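> Take a look at this one; I'll ask things after.
The values are calculated or read from the model by the stated rules, or taken from the named source; none is laboratory data. Small disclaimer: the values here were computed from a predicted structure and weren't measured. Glycine gets a Cβ as well: all are built from the backbone with ideal geometry, and neighbour counts include every protein chain shown. What goes into the accessible areas is simple: the full protein's heavy atoms, side chains included, and nothing from ligands, DNA or RNA. Shrake-Rupley method; radii C 1.70, N 1.55, O 1.52, S 1.80 Å.
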Amino acid sequence: MTKRGHAQGQSWGEPHLIAKPDETKVCIYADGSAIFDESSETWHYLVQVLDVGGAGGWMGAHFSLKGASPFGDWVADPQNPVIQSGSLFKQICAGTGKHCLVGMIDEGTFHIVEKVGEYFYVTFHGYDYKRRLAARGVARTTDFQHWVSLPL
């Protein structure tokens, strides 16, 4: 153990379920990121989601948990999926002089980087199947339902 009481990944506790696909609407959850917001004492988890059949592409779902411990019953956001495929890159790539072209979709592999002021800053990947190009985008949100993409 270190001075802080962490085993630095040398030992692990039992896994804890945050979200389970219902297999009627959601096929898979993958590549999520969590953050604890001290000001509201709330955990937030943003995860990549694929619907059954994959017709909607990769999207984002949000789950939250009140309290200091992440080992409780996480609640699905009633707006899930909170990010539709292509919605963030549509904002990022629209207009002239951008480093990406319209057509980038499949937001996923989310990383909640930090909270600054009232905003959570999140990075994510995207893919343009026509041009076979990948990109990483950045957006911010105050509530994981309303998003403002940042220009590339």
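> Could you tell me which numbered condition HIS111 fails, if it satisfies all but one of (1) open to solvent by less than 50 Å² (accessible area, probe 1.4 Å); (2) in contact (Cβ under 8 Å) with a residue 40 or more places away in the chain; (3) not basic (Lys, Arg)?
Among (1) open to solvent by less than 50 Å² (accessible area, probe 1.4 Å); (2) in contact (Cβ under 8 Å) with a residue 40 or more places away in the chain; (3) not basic (Lys, Arg), the lone unmet condition for HIS111 is (1).
> Could you please give the count of residues in the stretch 82-106 that are crowded, with 17+ Cβ neighbours inside 10 Å and either in contact (Cβ under 8 Å) with a residue 60 or more places away in the chain or assigned to a loop (DSSP other than H, G, I, E, B) (or both)?
Selection size over the stretch 82-106: 10.
> Turning to a different aspect of this structure: For HIS125, state whether it is buried (at least 18 other Cβ atoms within 10 Å of the Cβ) and touching a Leu at 6+ places or on another chain (Cβ under 7 Å).
no
> If I filter the stretch 38-65 down to residues being touching a Ser or Thr at 6+ places or on another chain (Cβ under 8 Å) and among the small types (Gly, Ala, Ser), which single residue comes out as modelled with the lowest pLDDT?
GLY56
> What's the total number of residues in the stretch 13-68 that are open to solvent by less than 40 Å² (accessible area, probe 1.4 Å), under 16 Å from ASN80 (Cα atoms) and of a type in the set (D, E, K, R)?
Residues meeting the conditions: 1.
> Continuing with this model, one more query. Looking for something in contact with a His (Cβ under 6 Å, 6 or more places away or on another chain) and either touching a residue at least 12 places away in the same chain (Cβ under 8 Å) or closer than 24 Å to TYR127 by Cα (or both) - is there at least one such residue anywhere in the stretch 35-55?
Yes, some residue in the stretch 35-55 is in contact with a His (Cβ under 6 Å, 6 or more places away or on another chain) and either touching a residue at least 12 places away in the same chain (Cβ under 8 Å) or closer than 24 Å to TYR127 by Cα (or both).
> Then there's this: Here are the criteria: (1) closer than 14 Å to PHE124 by Cα; (2) of a type in the set (A, V, I, L, M, F, W, C); (3) outside any strand (DSSP E or B); (4) within 16 Å of the chain's Cα centre (by Cα). Tell me which single one ALA19 does not satisfy.
ALA19 satisfies all of (1) closer than 14 Å to PHE124 by Cα; (2) of a type in the set (A, V, I, L, M, F, W, C); (3) outside any strand (DSSP E or B); (4) within 16 Å of the chain's Cα centre (by Cα) except (1).
> Which residue pairs have Cβ atoms under 6 Å apart, sit 6 or more places apart or on different chains, and have a first residue in the stretch 126-152 that is more than 12 Å from VAL102 (Cα to Cα) and a second that is small (Gly, Ala, Ser) and modelled with pLDDT under 90?
ALA139/SER149
> Given the conditions (1) in contact (Cβ under 8 Å) with a residue 24 or more places away in the chain; (2) farther than 17 Å from THR141 by Cα, report the number of the one that GLY60 does not fulfil.
(2)
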